[in-house]
Amino acid sequence: MVRPTAFEITEQTNGETHLSSIVGELDLSTIKVLARHVDTKLGENPTTLTLDLTDLTFMDSTGLRLLIDLHNRSRREGWKLTLIPSKHEAANTVFRLTGADTALPFEGPPS
Amino acid sequence: MTTGPGAPRGAVDIPTLRIKLECNPQAPSLARAAITGFCESSEISPASLATLTLLVSEVVTNAVVHPESPPASEIVLCAHHLAEDAIRVEVTDQGSGFTPVPRDPRQRDAGYGLYLLETQATRWGVEQHSGTRV
């Protein structure tokens, strides 16, 4: 019974601004892919890292922990993290139920 | 754990889901797909289903990453459709159990899984027999 979780990251760099769009489900099986991706991007010292979660279809607290870590790291290291909210309820639930929808640097409220 | 306000219906004809999952990082995703499929024909609201799916993902993730789980162990996911908007879910692994503790507010980046369970499930609990059941 194997159903690989659909997960994809597309990226775009414009000067010192980096945009990564996350498509699919962020959970225990995909978290390392995003963590590695973000580490690589931050190694290039961008001034802004934007994570576009529009097409994120699910996320649980495994993903939330990573985003909170990133938020803390951005403040410590002096770069800007911006999150674009998902259009999927199954991804936004964890933000809403923990209050992270207001605590994390979302560009506009989750839909 | 049980979500939803409804009272249990009679013991006869309770729709039930029971699947075994390998204890690996794919287990939360498979458990979510199973619970979503199980609830497809029910009248559970989309918001309740989103919360239920999240809680199942949290509990199964805990079962996988729990350091005391034997590496080759399996997880059993059981769900019972008790009433219109009430689903009881049991996740059983072969771990040695744990004692739930309140989330430490100073520990800002950890402990969200059980926090969610505590705030969103109507009831939840842990049983220890031959394994751990949440």
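For segment A:13-29, residues that are under 22 Å from residue B:56 (Cα atoms) and either of a type in the set (A, V, I, L, M) or under 12 Å from the mean Cα position of the chain (by Cα) (or both) total 6. All of (1) among the charged types (D, E, K, R); (2) more than 14 Å from chain B (Cβ to nearest Cβ); (3) surrounded by fewer than 19 Cβ atoms within 10 Å (Cβ to Cβ) hold for residue A:73 with one exception: (2).
The residues on offer are A:40, A:93, A:57, A:102, and the sole one that is in contact (Cβ under 8 Å) with a residue 12 or more places away in the chain and either within 9 Å of chain B (Cβ to nearest Cβ) or not small (Gly, Ala, Ser) (or both) is A:57. Is there a residue in segment B:55-76 that is surrounded by fewer than 17 Cβ atoms within 10 Å (Cβ to Cβ) and part of a strand (DSSP E or B)? Yes, segment B:55-76 contains at least one residue that is surrounded by fewer than 17 Cβ atoms within 10 Å (Cβ to Cβ) and part of a strand (DSSP E or B).
Here A:57, A:62, A:10 are screened, and the one residue that is over 11 Å from the mean Cα position of the chain (by Cα), part of a strand (DSSP E or B), modelled with pLDDT of 95 or more and under 25 Å from residue B:121 (Cα atoms) is A:57.
Set side by side, the residues A:9, A:84 differ, and just one is more than 14 Å from chain B (Cβ to nearest Cβ), among the hydrophobic types (A, V, I, L, M, F, W, C), surrounded by 18 or more Cβ atoms within 10 Å (Cβ to Cβ) and under 26 Å from residue B:111 (Cα atoms), which is A:84.
In this structure, residue A:40 does not qualify as in contact with a strand residue (DSSP E or B) (Cβ under 9 Å, 6 or more places away or on another chain), at pLDDT 95 or above and not acidic (Asp, Glu).
Of the residues making up segment A:13-33, not one is modelled with pLDDT under 95 and assigned to a helix (DSSP H, G or I).
Scanning segment A:49-66 for residues that are among the hydrophobic types (A, V, I, L, M, F, W, C), surrounded by fewer than 24 Cβ atoms within 10 Å (Cβ to Cβ) and touching a His at 6+ places or on another chain (Cβ under 8 Å) yields one hit, A:49.
The values are calculated or read from the model by the stated rules, or taken from the named source; none is laboratory data. Only a predicted model underlies this, so the values are computations on that prediction, with no experimental measurement involved. When we count neighbours, we look across all protein chains shown, and the Cβ atoms used for this are built from the backbone with ideal geometry, even at glycine.
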